[in-house]
Amino acid sequence: MSPPSSSILLFLFLLSSSLVPLDASHEVLRTLRSVPIAPSPSPASQPYRTGYHFQPPKNWMNDPNGPMIYKGIYHLFYQYNPKGAVWGNIVWAHSTSTNLVDWFPHPIAIQPSQPSDINGCWSGSATLLRGGRPAILYTGINPENQQVQNLAEPKNYSDPFLIEWVKSSGNPLMAPTPTNMINSSSFRDPTTAWLGSDGRWRVIVGSKRNARGMAILYRSKNFVNWVKAKHPLHSKNGTGMWECPDFYPVSKVPVGFDTSENGPTLKHVLKVSLDDTKHDQYTIGNYNEVRDVYVPDEGQIEGAGGLRYDYGKYYASKTFFDSEKKRRILWGWVNESSSTESDIKKGWSGVQAIPRTVWLDASGKQLLQWPIPEIEYLRTNKVELSRQVLKPGTTLEVNGISAAQADVESFFVAKNLDKAEAFDPKWTDPQILCSRKGASVKGSLGPFGLLVLASKGLEEYTAVFFRVFKGQNKYVVLMCSDQSRSSLDNTNDKTTYGAFVDVDPVQGFLSLNLRSLIDHSIVESFGGRGKVCITARVYPTQAIESSARLLVFNNGTEGIELTKMDAWSMKRAQI
Ligand SMILES: *[C@@H]1O[C@H](CO)[C@@H](O)[C@H](O)[C@H]1NC(C)=O
Ligand SMILES: *[C@@H]1O[C@H](CO)[C@@H](O)[C@H](O)[C@H]1NC(C)=O
Ligand SMILES: *[C@@H]1O[C@H](CO)[C@@H](O)[C@H](O)[C@H]1NC(C)=O
Ligand SMILES: *[C@@H]1O[C@H](CO)[C@@H](O)[C@H](O)[C@H]1NC(C)=O
Ligand SMILES: *[C@@H]1O[C@H](CO)[C@@H](O)[C@H](O)[C@H]1NC(C)=O
């Protein structure tokens with residue numbers, strides 16, 4: 001991620017952009033790693049800290065970096081400011097895990113030390129070279145504040161925790177030059193590299209030329225000497241700067257593939273983080289290895305209006321191939337929706353979303369995402385609601401769970417589809433539609449869904465719900481996450497999010513699955529079995545800790561069947 005445009009943050013960054021001494025308290029003795037941390041509620045002064053999402057004890061965190069599995073250990077690096085709760089002084093912090101749920105901190109892995117990164121160690125990715133040897137390519141900021149790409153390798157390959165990293169003396173390995181036409185302020189975030197059948201590695205780096213977003217392609221035989229290809233892997237005018245590109249193969253079977261795999265049964269995904277809109281947008285297409293270009297499939301939309309991993313707060317994401325469990329796992333940064341002042345006051349900013357597996361939907365036209373199954377081991381005290389009709393006007397409390405830290409899976413069925421309201425073809429933007437038709441706007445089939453992080457008198461709640469409309473020749477399902485009443489504190493960003501869910505009725509019934517991961521100040525919702533994800537950050541003032549409630553509601557004029565609801569309290573993860 002590039003510096004926030006705010007001049008205050010830029011000023012803070014300039015003030016302290018040189019090498020800073022690192023907070024010794026961040027280093028954890030290796031012997032402490034096996035000591036279990038007793039579950040405890042968040043301190044009263046910190047109602048927004050999460051119980052099972054990844055976040056460091058304090059300070060600023062943004063992009064996930066270099067995720068990988070090495071010798072059975074999962075690694076997560078992340079962009080981190082050791083000095084405060086705002087962006088600046090960026091280094092690579094490092095944690096490891098055996099289950100992607102409980103995490104152990106390690107010392108800072110990569111920090112400014114060479115001319116090629118003296119002004120910051122920005123985002124990058126890990127690649128497992130031949131023999132499974134990890135290598136990290138990352139963006140460094142040089143003394144001229146140019147963006148260049150650097151290599152770091154483990155000091156000790158026998159150490160499964162990869163504590164120490166050594167930078168290549170040849171850094172930078174990729175840099176803007178007077179002749180290569182690269183914009184030195186818009187050249188960052190190298191991907192995991194992939195190996196072509198010609199034995200050469202390829203990597204892309206995000207960039208732009210004027211308004212044209214592009215994925216600049218480099219090739220190398222030895223991972224040290226990189227040659228820029230004549231053409232980018234792909235580019236698209238009008239989309240602006242592409243941050244944190246990601247490029248990987250997928251198939252309709254829910255398994256993952258090594259980044260270097262290609263073939264007639266595989267499709268490729270190109271994801272870019274659009275700097276202009278702060279959205280992670282992807283297309284599905286084909287990678288032509290001979291021409292070394294990526295071509296999105298017919299009908300795939302690039303830029304605004306295209307497919308997104310998440311239609312709420314979710315940015316700078318990155319996947320990796322889990323070779324042990326044969327799956328592709330997606331990490332994504334979830335920014336705060338609170339003011340910088342409150343971030344400084346609470347002493348931290350940023351969480352990572354629960355890792356998701358990603359694969360291709362049967363239609364071949366979009367991805368599916370689902371929280372990794374490991375997270376289910378935190379489930380406890382299951383509460384079940386059995387089959388019942390939610391009559392118009394229903395608000396039904398789900399008792400017996402810790403509603404501030406929960407995992408809820410609901411199965412709704414809409415039956416009287418002929419009663420669906422007509423869909424106006426002018427409603428092209430689902431987010432605008434959701435903000436016009438919030439939870440309090442009655443409809444016929446919907447709004448129905450959940451009120452999460454709700455206070456006793458419903459002064460505060462976040463509504464996650466569906467509406468069903470009758471379109472020209474198919475039904476249109478809208479999924480919304482309405483934050484407008486999420487907090488009595490009006491200094492927060494309470495934007496309502498929305499997306500259309502591509503589901504069809506079966507035998508006249510529309511089945512809609514909704515899974516919500518609720519964790520104090522984050523609500524991650526998965527609609528239509530992973531077809532749409534919406535993540536929201538909310539800061540209730542009353543619906544906190546044991547005062548938070550969970551309800552199911554139907555504010556439409558038609559009854560909706562709740563086939564089943566399973567809700568669990570979630571234990572704290574050890575992070
Ligand atoms: C490398 O790591 C292994 C495993 O942690 C350890 O036994 C060995 O002492 C390390 N070697 C060096 C030179 O630090
Ligand atoms: C280079 O990138 C910077 C930073 O985004 C931008 O201000 C400038 O206009 C870009 N130049 C070109 C030619 O795209
Ligand atoms: C690229 O897009 C910009 C605005 O988005 C437009 O002004 C320009 O003409 C386009 N250039 C090309 C080559 O299409
Ligand atoms: C972070 O959140 C703020 C407040 O909602 C928003 O203005 C900003 O664009 C967000 N940044 C990213 C990278 O999502
Ligand atoms: C349901 O609709 C009524 C009338 O518009 C409104 O007062 C109420 O707040 C709505 N319920 C929810 C949960 O939004």
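On a full-extension model of 0.36 nm per residue, what is the gain between ASN156 and SER184, subtracting their alpha-carbon distance, rounded to one decimal in nm? Working it through step by step, the gained length comes to 6.8 nm. 3J(HN,Hα) along segment 271-283, derived from phi through the Karplus expression 6.51 cos²θ - 1.76 cosθ + 1.60 where θ = phi - 60°, amounts to 10, 10, 9, 7, 4, 5, 10, 6, 10, 8, 10, 9, 10 Hz, with x in place of Gly and Pro. For segment 379-570, the C-alpha radius of gyration divided by 2.2 N^0.38 Å, with N the number of residues, is 0.95. Note on THR541/GLU144: beta-carbon distance plugged into 1/(1 + (r/R0)^6) with R0 of 60 Å gives a FRET efficiency of 0.80.
Rank these for me by crowding, LYS391, LYS318, going from fewest to most other beta carbons within 10 Å.
Working: LYS391 11, LYS318 29.
Starting with the residue having the fewest Cβ neighbours, the order is LYS391, LYS318.
Measuring from label point to label point, each 7 Å out along Cα→Cβ, what is the LEU385 to ALA304 span in nm? Going from the LEU385 label point to the ALA304 one covers 3.8 nm.
Of the chymotrypsin sites (Phe, Trp or Tyr not before Pro) in segment 385-448, which ones lie in a loop per DSSP and count no more than 13 other C-beta atoms within 10 Å? It would help to have the intermediate numbers written out before the result.
On the way: sites: PHE411, PHE412, PHE423, TRP427, PHE448; in loops: PHE423, TRP427.
Sparse-neighbourhood loop chymotrypsin sites (Phe, Trp or Tyr not before Pro): none present.
I'd like the chymotrypsin sites (Phe, Trp or Tyr not before Pro) in segment 494-527 restricted to DSSP loop residues with at most 16 other Cβ atoms within 10 Å, sorted by number. Don't jump to the answer; show the numbers that get you there.
Numbers: sites: TYR497, PHE500, PHE509, PHE526; in loops: none.
Answer by residue number: there is no such site.
Centroid-to-centroid, using Cα positions, segment 123-201 and segment 380-396 are 51 Å apart.
Taking θ as phi - 60° and the Karplus parameters 6.51, -1.76 and 1.60, the scalar couplings of segment 208-223 work out to 7, 10, 6, 8, 8, x, 8, 10, 6, 9, 10, 10, 7, 8, 10, 6 Hz in sequence order, x denoting glycine and proline.
Amide hydrogen proximity for GLY556: with H placed 1.01 Å from N in the peptide plane, the residues at 5 or more positions away or on another chain lying under 5 Å are GLY393, GLY443, GLY446.
Between LYS252 and THR177, the simple label model (points 7 Å from Cα in the Cβ direction) yields a spacing of 4.6 nm.
Estimated from the Cβ-Cβ distance and a Förster radius of 25 angstrom, the FRET efficiency linking THR428 and ASP493 is about 0.60.
For segment 317-374 versus segment 213-289, the inter-centroid distance based on Cα atoms is 18 Å.
Where does the charge balance sit around ILE518 when Lys and Arg score +1, Asp and Glu -1, over other residues with C-beta under 9 Å from its C-beta? Working shown, then result.
Numbers: positive: none; negative: ASP407, ASP519, GLU524.
Counting the neighbours of ILE518, the net charge comes to -3.
Which pairs break 28 Å Cα to Cα here: LYS208/LYS426; LYS167/LYS236; LYS267/LYS571; LYS365/LYS470? If you can, show how the numbers build up before the last one.
Working: LYS208/LYS426 32 Å; LYS167/LYS236 33 Å; LYS267/LYS571 38 Å; LYS365/LYS470 22 Å.
Pairs exceeding 28 Å: LYS208/LYS426; LYS167/LYS236; LYS267/LYS571.
Using a Förster radius of 41 Å, what is the FRET efficiency between ASP504 and ALA211 based on their Cβ-Cβ separation? Nearest 0.05, please. Taking R0 as 41 Å, the efficiency between ASP504 and ALA211 is 0.65. Under 5 Å from the amide H of LYS564 lie the amide H atoms of PHE411, each residue being 5 or more positions distant or on a separate chain, with H modelled from the backbone and absent for Pro and chain starts. In terms of surrounding Cβ atoms within a 10 Å radius of their Cβ, MET214, MET181 rank from fewest to most as MET181, MET214. When both segment 498-575 and segment 41-106 are represented by their alpha-carbon centers, they are found 25 Å apart.
Looking at the chain, the pairs of alpha carbons with a distance over 36 Å make up 33% of the total. Taking segment 275-295 and a reference point 7 angstrom along Cα→Cβ of HIS231, the backbone N atoms nearer than 17 Å belong to 285-295. Backbone amide hydrogens, once placed in the peptide plane, bring SER260 within less than 5 Å of LEU195, excluding anything fewer than 5 places away on its chain. In this simple spin-label approximation, ILE118 and ASP418 carry label points 7 Å from Cα along the Cα→Cβ vector, and these lie 7.7 nm apart.
Taking the inverse of the mean 1/r over every pair of distinct Cα atoms in segment 110-182 gives a Kirkwood hydrodynamic radius of 12.8 Å. The string of couplings for segment 142-152 from the Karplus curve (6.51, -1.76, 1.60, θ = phi - 60°) is 8, x, 8, 6, 8, 8, 9, 10, 10, 10, 9 Hz, one whole number per residue in order, with x for Gly and Pro.
Computed from the coordinates by the stated procedures, all read-outs in this text should not be read as laboratory data. All values reported here derive from a predicted model rather than from experimental measurement. Glycine also receives a Cβ, built like all others from the backbone with ideal geometry; neighbour counts cover every protein chain displayed.
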